[in-house]
Amino acid sequence: MKISEASDLSGKILAKLGFRLEEVELITQNLIEAELVEKKTHGLVRLISIASLVVAGKITVNDQDIALISEHKAALHFDGKYKPGFYAIYKSLEKALSKVKETGILAVGIKDLAYASGYIGDYARLATEQNLIFVGFHNSPGHLIPFGSSKDLWGTNPITIGVPAYGAPVILDMASSKSTFGNLLVAKNEGKILAEGVAVAKNGEPTTDPNEAMLGGLLPIAGHKGSGLAFIVELLAGGLSNSRVGKAVEGGWGSFYLLIDPTLFRNIEDFKNDVQKAIDELKNAPKAHGVKEIFFPGEQSFLNRQKNLATDQIEVSEKLLFELKKLF
């Protein structure tokens, strides 16, 4: 499917759901960016969930916009007004990318987002294109079960770090869980099973069935370490922004991110030279058996994006297309 066709499809669905034009454009932008880097878990499949949440009244669809609660020399705090995270974070970035030029370091909190924060790697990409470092924490629905527990308390709670470079930026965008909630959505929609060892059913037993996993939960990466990471994200994204924290504090979902100008510490070219040296060292390191190429964080996404932009195509399965067309 041509990129423009996929964008039009998303736009029609979102417009029918009642979103304002700017919301339609920014939500679609994030979904398409996810498709371009081939993160299907955060792409057009999300429209199905967005539609069901709008119908359930859990996503705000009205003329009200996000609001700036407070502004300090090096911090911004926004009220997301239960708008989708995709839209609210892009909107906050517009002001943040301008303001950070004054301070060099800027902290941004957004409270009460509805639904997920979207493909966070794209927010990091936009920051790196301005020669800024992005460090982001976002909590969301996702059914992560803390290490040692049998009940889901948190979302898949990703941490995202973007570092500018001469070519592809270095972008680490990882969930605290072994599988993202988006993987469940894709597997459910495509009638596929999950990998073993990533999810449990409601009774606590391991499952590869995405439907059972949605009633049960997802397991953290690296046991107690991934669980600890998810907890910290919950406290920063939720607690610091005055949003939901686990099941103990009610509210919408939260976002907290930092923008850092490397020139506070050194010349940008010198910094990027050292980033490139680190990339080259990794790429040229001795390879393990069976490994043809070593990739740095974000490199494969960057290459996928370039390829798909060049061909003006993204792959949309017939089953997903069928489900999406039922929405308008």
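The values are calculated or read from the model by the stated rules, or taken from the named source; none is laboratory data. Computed from a prediction, not measured in an experiment: that's the story for all the values here. In this analysis, Cβ positions are derived from the backbone assuming ideal geometry, glycine residues included, and neighbour counts consider all displayed protein chains.
Of note:
- Checked against the criteria, residue 231 does not count as at pLDDT 95 or above and part of a loop (DSSP other than H, G, I, E, B).
Matching residues to (1) free of Cβ contacts under 8 Å to residues at least 24 places away in the same chain; (2) within 23 Å of residue 231 (Cβ to Cβ); (3) among the aromatic types (Phe, Trp, Tyr):
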| position | (1), (2), (3) |
| --- | --- |
| 103 | no, no, no |
| 112 | no, yes, no |
| 117 | no, yes, no |
| 121 | no, yes, no |
| 135 | no, yes, no |
| 138 | no, yes, no |
| 142 | no, yes, no |
| 147 | no, yes, yes |
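- Criterion applied to 4, 52 was being modelled with pLDDT under 95 and either outside any strand (DSSP E or B) or not hydrophobic (A, V, I, L, M, F, W, C) (or both), and the one residue passing it is 52.
- Within segment 193-218, the set of residues being farther than 28 Å from residue 258 by Cβ, buried (at least 22 other Cβ atoms within 10 Å of the Cβ) and touching a residue at least 60 places away in the same chain (Cβ under 8 Å) comprises 213, 216, 217.
This table checks each residue for (1) among the small types (Gly, Ala, Ser); (2) touching a helix residue (DSSP H, G or I) at 6+ places or on another chain (Cβ under 6 Å); (3) over 17 Å from residue 26 (Cβ atoms).
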| residue | (1), (2), (3) |
| --- | --- |
| 91 | no, no, no |
| 112 | no, no, yes |
| 121 | yes, no, no |
| 144 | no, yes, yes |
| 149 | yes, no, yes |
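- Of all residue pairs spaced 6 or more apart or on separate chains, those with beta-carbon atoms under 6 Å, a first member in segment 154-180 that is under 18 Å from residue 116 (Cα atoms) and of a type in the set (D, E, K, R) and a second member that is at pLDDT 95 or above and not in a strand (DSSP E or B) are 173/120; 173/121; 178/198; 178/219; 178/221.
- Within segment 1-54, considering residues that are of a type in the set (Gly, Ala, Ser), over 22 Å from residue 307 (Cα atoms) and touching a residue at least 12 places away in the same chain (Cβ under 8 Å), the one surrounded by the fewest Cβ atoms within 10 Å (Cβ to Cβ): 18
- The one condition from (1) at pLDDT below 95; (2) of a type in the set (A, V, I, L, M, F, W, C); (3) surrounded by fewer than 20 Cβ atoms within 10 Å (Cβ to Cβ) that residue 68 does not meet is (1).
- Residues in segment 240-271 that are of a type in the set (Gly, Ala, Ser) and touching a residue at least 60 places away in the same chain (Cβ under 8 Å): 241, 243, 246, 251, 252, 254, 255.
- Pairs, first outside any loop (DSSP other than H, G, I, E, B) in segment 57-69, second not acidic (Asp, Glu), C-beta under 6 Å, six or more apart: 68/78; 69/77
- Being at pLDDT below 95 and either on the phi < 0 side of the Ramachandran plot or not in a loop (DSSP other than H, G, I, E, B) (or both) holds for only one residue in 327, 309, and it is 327.
- Here the condition is being more than 27 Å from residue 119 (Cα to Cα), surrounded by 10 or more Cβ atoms within 10 Å (Cβ to Cβ), of a type outside the set (S, T, N, Q) and modelled with pLDDT of 95 or more; of 272, 283, 287, it holds for 287 alone.
- Breaking point among (1) among the small types (Gly, Ala, Ser); (2) within 30 Å of residue 70 (Cβ to Cβ); (3) modelled with pLDDT of 95 or more, for residue 252: (3)
- If the condition is being closer than 23 Å to residue 102 by Cβ and among the hydrophobic types (A, V, I, L, M, F, W, C), then segment 262-294 contributes 264, 265, 268, 271.
- Residue 316 part of a loop (DSSP other than H, G, I, E, B), among the aliphatic types (A, V, I, L, M) and touching a residue at least 40 places away in the same chain (Cβ under 8 Å): yes
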